[in-house]
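See structure below.
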Amino acid sequence: MKKSPKPGDMNQRMYAVVQEAAGLTSARQKDPKAVERGRLGGQARAKALEPAKRIEIAKAARASRRPYWVSQETLEAPRPKARAATASRKRPKAAKKTPG
């Protein structure tokens, strides 16, 4: 979590908020060129890596997100085919009652 640029003491924090609202101090702004370079960082890195290395990194990331109780063998096992939605799975319509 990012640390707030304002002070921790409530009085100092309120003073900083009032100063900023009155325009006596300016909020910190990021350098637009640095922001743009940061956006391109992942794409540039992906282009520079070999495909085998990218796959290795992706597998490590996937393993880090996997719950501890799911094994690698379970993930690599073939999955059953999904059943297609058919008319037989729908609920039958109720028969109309005729007044008698």
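The values are calculated or read from the model by the stated rules, or taken from the named source; none is laboratory data. Treat the numbers as computed from the prediction; the structure is a model and nothing was measured. With ideal geometry, Cβ positions are generated from the backbone for all residues, glycine too; neighbour counts draw on all protein chains shown.
Here are some notes:
- Options Lys47, Lys30, Lys59; residue that is under 30 Å from Gln12 (Cα atoms) and either charged (D, E, K, R) or in a helix (DSSP H, G or I) (or both): Lys30
- For the range 7-55, a residue qualifies if it is surrounded by 10 or more Cβ atoms within 10 Å (Cβ to Cβ) and of a type in the set (S, T, N, Q), and the qualifying residues are Gln12, Gln19, Thr25.
- Those residues of the range 6-16 which are aliphatic (A, V, I, L, M) and modelled with pLDDT under 85, in sequence order: Ala16
- The range 24-41 residues that are modelled with pLDDT under 75, paired with ones that are surrounded by 10 or more Cβ atoms within 10 Å (Cβ to Cβ) (beta carbon under 7 Å, 6 or more apart): Thr25/Gln19; Ala27/Glu20
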